[in-house]
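In what follows, a single structure is set out as structure tokens and then discussed.
The values are calculated or read from the model by the stated rules, or taken from the named source; none is laboratory data. Note that the coordinates shown come from a computational prediction; the quantities given were computed from them, not determined experimentally. Methodologically, a virtual Cβ is constructed for each residue, glycine included, from the backbone with ideal geometry; neighbour enumeration extends over all protein chains shown.
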């Protein structure tokens with residue numbers, strides 16, 4: 001996800017308690033430098049890429065950038081087993 005965009009931080013006065021005017025974290029405990037890609041170690045290849053794509057649809061700082069519920073429920077990774085079983089087909 002990375003740090004929140006300045007535009008997002010400027011939406012709330014409370015953000016000034018935790019972030020400076022440049023968007024730098026002010027807390028004593030540092031925010032871990034990691035990523036979802038590094039954290040997910042059980043999946044590989046295309047399955048991992050589809051999983052990460054699925055989660056990135058939801059993990060967005062700004063709510064308006066997140067996918068809607070219909071898109072999430074119909075995600076290719078989420079429905080992969082049903083697709084392989086012939087229960088779901090992808091229509092373009």
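Brief remarks on what is shown
- Residue, nearest to residue 68 (Cα to Cα), within segment 16-56, restricted to residues that are in contact with a helix residue (DSSP H, G or I) (Cβ under 8 Å, 6 or more places away or on another chain) and at pLDDT below 90: 36
- Qualifying positions in segment 57-72 - in contact with a helix residue (DSSP H, G or I) (Cβ under 7 Å, 6 or more places away or on another chain), free of Cβ contacts under 8 Å to residues at least 24 places away in the same chain and in a loop (DSSP other than H, G, I, E, B): 66, 67
The rows are residues; the columns are (1) surrounded by 12 or more Cβ atoms within 10 Å (Cβ to Cβ); (2) over 14 Å from the mean Cα position of the chain (by Cα).
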position	(1), (2)
7	no, yes
13	no, yes
24	no, yes
28	no, yes
38	no, no
53	yes, no
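- Looking at 17, 70, 60, just one residue is more than 20 Å from the chain's Cα centre (by Cα) and at negative phi, and that residue is 17.
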